[in-house]
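Here the structure comes first, spelled out in structure tokens, and everything after it is commentary.
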Amino acid sequence: MKGGSSMVDRGEYLAIRSRGAATFDLSSRFPDQVFKENAQDSLFCEFDAILTPEMWPALCAMARWHGDKYIDLVVLEPDIDDYYVSEGLGYPAASLSVEASEDDYWAAIGFEPDGDALGSIAISANVVALTGASAKWGCWGERDPEVAVFQGFRNETARMEWSARFGPFLDASGALEEYLPNAFRRQLVPETYAAALTANYEPPSAGRM
């Protein structure tokens with residue numbers, strides 16, 4: 001799908017997933033490093049934010065920095081065969097032009113197969129990856145810890161300006177303080193989890209953006 005309102009077929013899904021594998025370790029999960037090449041410029045936001053129309057301009061800005069004409073989105077969990085295919089919901093992925101609108105993005109992620117809201121990417125996705133053909137940037141989100149991470153900014157100035165324009169976003173330390181406690185019992189992030197996330201995602205200069 002290049003900008004329509006339905007999910008892709010199996011071949012398109014596998015192609016999009018394969019392109020995503022150039023940027024991400026698709027088997028990895030937080031707090032481990034999900035990016036194959038750590039750019040050391042991570043910014044976090046809440047998971048739900050990346051599956052809203054308002055996030056589309058932020059994604060397009062990153063894609064354009066690296067000359068990408070399309071943005072690929074692929075859902076990695078729930079499992080496509082165990083959930084999407086078995087329920088007749090299709091294949092949860094999209095490839096959208098950077099010229100697409102916020103409404104186009106929402107049409108892709110908010111599309112309800114056969115009118116089933118639980119089949120839409122926005123509602124059903126638990127792990128989602130977004131990137132472009134350059135493999136120089138990406139956004140990875142997980143519903144369970146309720147966070148998403150971005151990497152691949154041109155430089156620190158671009159990172160700060162992007163964050164100020166599209167934010168709020170937080171470094172790993174900020175995400176551990178504000179986002180992640182809600183995902184754990186008694187709102188306490190385990191020390192081993194916090195240490196791993198910090199080691200993998202904390203940029204050299206940390207703080208609120």
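The values are calculated or read from the model by the stated rules, or taken from the named source; none is laboratory data. This one's a predicted model, so the numbers in the text were calculated from it and none came from an experiment. FYI the Cβ positions are ideal-geometry reconstructions off the backbone, even for glycines, and counts take in every protein chain you see. SASA here: full protein model, heavy atoms, side chains in, ligands and nucleic acids out. Shrake-Rupley method; radii C 1.70, N 1.55, O 1.52, S 1.80 Å.
Using a cutoff of 8 angstrom between alpha carbon atoms and counting only pairs six or more residues apart, the relative contact order for the stretch 133-209 works out to 32 percent.
A 1.4 Å probe run over the protein chains yields, for the chain, 46 Å² of accessible area per residue, whole-number rounding. Sorted largest first by accessible area at a 1.4 angstrom probe radius, with every protein chain in place, the residues Tyr84, Tyr193, Tyr70 fall in the order Tyr70, Tyr193, Tyr84. What does the charge count around Ser28 come to, taking other residues whose C-beta lies under 15 Å from its C-beta (Lys +1, Arg +1, Asp -1, Glu -1)? Value of the local net charge: -3.
Accessible surface comparison of Arg29, Arg19, Arg165, probe 1.4 Å, protein chains only, largest first: the order is Arg165, Arg19, Arg29.
Ile71 sits with roughly 0 Å² accessible to a 1.4 Å probe, with DNA, RNA and ligands left out of the calculation.
Accessible area ranking (1.4 Å probe, heavy atoms, ligands and nucleic acids excluded), largest first, for Thr23, Thr52, Thr157: Thr157, Thr52, Thr23. Backbone phi angles across the stretch 130-135, fed through the Karplus curve with coefficients 6.51, -1.76 and 1.60 (θ = phi - 60°), yield HN-Hα couplings of 10, 6, x, 4, 5, 6 Hz in residue order; Gly and Pro are listed as x.
The overall shape of the stretch 28-126 is oblate: from the C-alpha gyration tensor, with semi-axes ordered a ≥ b ≥ c, the ratio a/c is 1.5 or greater and a/b is no larger than b/c. The mean sequence distance of close C-alpha pairs (under 8 Å, at least 6 residues apart), as a share of the length of the chain, puts its relative contact order at 29 percent. For P(r) over Cα pairs in 5 Å bins from 0, in percent, the candidate list reads (1) 1, 6, 12, 16, 16, 13, 8, 5, 4, 4, 4, 4, 4, 3, 1, 0, 0; (2) 1, 7, 13, 16, 16, 14, 11, 8, 6, 4, 2, 1, 1, 0, 0, 0, 0, 0; (3) 1, 8, 16, 21, 21, 16, 10, 5, 1, 0; the entry that matches the value derived from this model is (3).
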